[in-house]
Amino acid sequence: MDPLTPETWDRLLRRLPAHERVPLFGPLLACSTRADGTFILGRIAQSLDGFIAMPNGESHWISGEADIVHTHRLRALFDAIVVGAGTVLADDPQLTTRLVPGPSPVRVVIDPTRRLEPRHRVFAEGPETLLICAADIPGQRHVGRAEVVPLPSGPDGIDVFTIVAELARRGLRRIFVEGGGVTVSRFLAAGALDRLHVTVAPLVMGHGIPAFAMPPVRKLADGRRFSWTAHPMGSDILLDIALVRFA
Ligand SMILES: NC(=O)c1ccc[n+]([C@@H]2O[C@H](COP(=O)([O-])OP(=O)(O)OC[C@H]3O[C@@H](n4cnc5c(N)ncnc54)[C@H](OP(=O)(O)O)[C@@H]3O)[C@@H](O)[C@H]2O)c1
């Protein structure tokens, strides 16, 4: 893992005009004030009607080119990129920074039951990968080139703060939770995100995999309301949401 240096920031961001660079990336420069030093960003690109993929998992592409480059730039600014098993199954992603001049983070896949196979690209090629699974699932210590990291699991899956603590223990403190909707929602519902970048594309799909899968509130007043700033991102709009983290 390459350290996040001022040179990396400069190399990644120098071509952006200051009016884009400062408000959007400034908050990401902030050092964590938490004892464990972690900083966690969630990320979703959704259609106008709130979907991140077609019902069959097709998601390339919902947002435009500028937003895809933005995602690669974010990857380069973090130590670890976290995705759920559903994303690896549907997309077979590489999760690298190939569109920008920056380091690739460690890839972290949450696959509690180890349903994914060694053929997936995150396990077969590219930068380091960790596969997080439930501790009671038997299996080898590696899947392809990826290290298997067993963690305690309960009725609600693996506690996201346990995942964060394990990554921090390995020196991975800047954590980018890139999808899909279930994984980002678990971090959001637990109060484990510092910020959330949601891109809304001017696209209506009518059906698909929802961006968020949050526990329902009983009445409107119980819903969590955030403040956000909106940033043009090519033909899309990026909403930068500051969150209050619970732990
Ligand atoms: N537009 C976007 O921004 C974007 C980004 C990424 C992906 N996608 C698309 O989104 C779709 C997948 O999204 P998704 O919401 O269905 O799935 P997902 O978030 O990729 O994966 C969800 C699965 O990951 C595992 N998981 C995640 N967190 C866990 C935890 N804390 N404890 C235990 N297990 C955990 C569970 O696996 P098990 O099911 O095995 O229990 C869970 O069902 C794909 O079609 C992909 O193309 C879109």
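The values are calculated or read from the model by the stated rules, or taken from the named source; none is laboratory data. Computed from a predicted model, the values in this text were never measured in an experiment. Heads up, the Cβs are rebuilt from the backbone with ideal geometry, glycines too, and the neighbour counts pull from every protein chain shown. Surface accessibility is based on the protein's heavy atoms, side chains included, excluding ligands, DNA and RNA. Shrake-Rupley method; radii C 1.70, N 1.55, O 1.52, S 1.80 Å.
Data overview
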{"item": "Sequence of ASP36, ASP194 when ordered by accessible area, the most exposed leading, probe 1.4 angstrom", "result": "ASP36, ASP194"}
{"item": "Debye-sum result for region 3-55 in log10 I(q)/I(0), which assumes one identical scatterer on each alpha carbon, at q = 0.14, 0.26, 0.29, 0.32 Å⁻¹", "result": "-0.60, -1.05, -1.15, -1.24"}
{"item": "For region 90-135, fraction of C-alpha pairs farther apart than 17 Å, in %", "result": "34 percent"}
{"item": "Highest average packing first - 138-146, 156-164, Cβ atoms within 10 Å", "result": "156-164, 138-146"}
{"item": "Prolate/oblate/rounded label for the chain (Cα gyration tensor, a/c 1.5)", "result": "rounded"}
{"item": "Ratio of Rg to Rh over region 79-198 (Cα coordinates, Kirkwood Rh, two decimals)", "result": "0.93"}
{"item": "Compactness index (Cα Rg / 2.2 N^0.38 Å), region 63-107", "result": "1.13"}
{"item": "Convex hull of region 29-131 built on C-alpha atoms - directionally averaged projected area, nm²", "result": "8.0 nm²"}
{"item": "Gap separating the Cα centres of region 133-153 and region 171-236, nearest whole Å", "result": "28 Å"}
{"item": "Residue-normalised accessible area of region 79-198, expressed per residue, 1.4 Å probe, Å²", "result": "40 Å²"}
